[in-house]
Amino acid sequence: MRLTTAQSKAQALIEALPWLTRFHGAVVVVKYGGNAMTDESLKHRFAEDVVFLHHAGLRPVVVHGGGPQISSALDRLGIESTFTAGLRVTTPEAMQVVRMVLTGQVNPEIVGLINHHGPFAVGMSGEDAHLFTAVRKHAIVDGEPVDIGQVGEIIKVEPGAVRALLDDGRIPVVSSVARGDDGQIYNVNADTAAAALAVALKAQKLIVLTDVEGLYANWPDDTDVIDQLTADELAAMMPTLSSGMVPKMEACLTAVQGGVPQAHVLDGRVPHSLLLEIFTNEGIGTMVIPS
Ligand SMILES: Nc1ncnc2c1ncn2[C@@H]1O[C@H](COP(=O)(O)OP(=O)(O)O)[C@@H](O)[C@H]1O
Ligand SMILES: CC(=O)N[C@@H](CCC(=O)OP(=O)(O)O)C(=O)O
């Protein structure tokens, strides 16, 4: 009985062998999202997965959001906040809260969870070392540009500081706040920031964790998850998408069109979803590949 149990564990380990070989040394950018980040136990499972990837010879980079945490801080402070096309309308007052929550609260929390396992994670803001430079972005609603305040579109990524951390055997943990050449700071959607960094680092994978199983074919019907689609197929589907899925799938498209071989949307509510995606033959969630 003991032998049978042990043998099934060996089977699970050996199934990972081709994937360990394939991704040895590969940079994998993981976007950890607000809604997949609210459960205490899942937070620990996420940190374990990231440390596991590190020990397995991959080079994980975490880019995080914190939308729900920003919303509750704004609520507490009585600052109104709305979303247009999946992006937060960001007044200068709200921008200070966004920066405080992302770089001052969520970032050190993730760093702490990972560093429970050793001195691996180093926190950075997208403002540090010119990592992300952004310009003001407008949302497009019914084909028309709409002003959404201090929301940024990344126009340049200088990944030198992130590379240096990777070369030093660290796990960079990056918040999605960007600087502008105009002296402003900008609120960048974290999916968008993760895609820009994945392209700049020539990552082998972008993995976006969220709070649904993947991309549903006929949302709000949630029976049919698309397991794989090409960049062209996704581009054709983009106009039909709504809310948070817009920046998320746009990020996958940008990554794949920018040379990242695979972009994935996974269910962050499933414990160890990162390991299931990378090291099992089945994979999970939705995968976007080049056309
Ligand atoms: N086609 C679709 N497939 C899956 N989810 C969709 C789709 N269209 C819209 N959504 C919505 O997008 C949400 C994910 O975006 P968001 O809440 O911003 O995620 P996160 O906080 O993880 O970044 C889902 O919970 C779902 O409500
Ligand atoms: C412009 C914009 O919408 N920025 C996001 C940044 C955080 C984020 O993207 O967090 P999640 O990944 O948890 O959604 C916001 O203010 O909520």
Residue satisfying all of: in region 117-152; touching a His at 6+ places or on another chain (Cβ under 8 Å) and not aliphatic (A, V, I, L, M); least open to solvent (accessible area, probe 1.4 Å) among these
120
Against the definition (modelled with pLDDT under 95, away from ligand 2 (no atom under 16 Å from the Cβ) and open to solvent by less than 40 Å² (accessible area, probe 1.4 Å)), how does residue 268 come out, yes or no?
no
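Determine if region 27-49 includes at least one residue that is closer than 30 Å to residue 144 by Cβ and away from ligand 1 (no atom under 16 Å from the Cβ).
No.
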Can you tell me which residue among 185, 226 is under 23 Å from residue 150 (Cα atoms), open to solvent by 10 Å² or more (accessible area, probe 1.4 Å) and not hydroxyl-bearing (Ser, Thr, Tyr)?
185
The condition from (1) among the polar types (S, T, N, Q); (2) crowded, with 20+ Cβ neighbours inside 10 Å; (3) within 12 Å of ligand 1 (Cβ to nearest atom) that residue 242 misses is numbered (2)
Consider residue 194 carefully, then state whether it is within 12 Å of ligand 2 (Cβ to nearest atom), at pLDDT 95 or above and open to solvent by less than 10 Å² (accessible area, probe 1.4 Å).
yes
Being open to solvent by 80 Å² or more (accessible area, probe 1.4 Å) and closer than 12 Å to residue 281 by Cβ is the filter here, so list the residues in region 1-21 that pass it.
11, 14, 17
The condition of being over 20 Å from the mean Cα position of the chain (by Cα), in contact (Cβ under 8 Å) with a residue 12 or more places away in the chain and away from ligand 1 (no atom under 16 Å from the Cβ) holds, among 139, 94, 121, 134, only for 94
By residue number, the members of region 3-51 that are under 27 Å from residue 199 (Cβ atoms), out of contact with any strand residue (DSSP E or B) (no Cβ under 9 Å at 6 or more places or on another chain) and assigned to a helix (DSSP H, G or I) are 18, 19, 20, 21, 22
Tell me, yes or no, whether region 161-181 has at least one residue that is among the polar types (S, T, N, Q), more than 15 Å from ligand 1 (Cβ to nearest atom) and surrounded by 15 or more Cβ atoms within 10 Å (Cβ to Cβ).
no
By residue number, the members of region 48-72 that are open to solvent by 10 Å² or more (accessible area, probe 1.4 Å), more than 7 Å from ligand 2 (Cβ to nearest atom), out of contact with any His (no Cβ under 6 Å at 6 or more places or on another chain) and not polar (S, T, N, Q) are 48, 52, 54, 55, 56, 59
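The values are calculated or read from the model by the stated rules, or taken from the named source; none is laboratory data. Bear in mind that the values here come from a model prediction, so they are computed numbers and not experimental data. Cβ coordinates were reconstructed from backbone atoms using ideal geometry, including for glycine residues, and neighbour counts include every protein chain displayed. Each accessible area value is taken on the protein alone, full model and side chains, heavy atoms only, with ligands, DNA and RNA left out. Shrake-Rupley method; radii C 1.70, N 1.55, O 1.52, S 1.80 Å.
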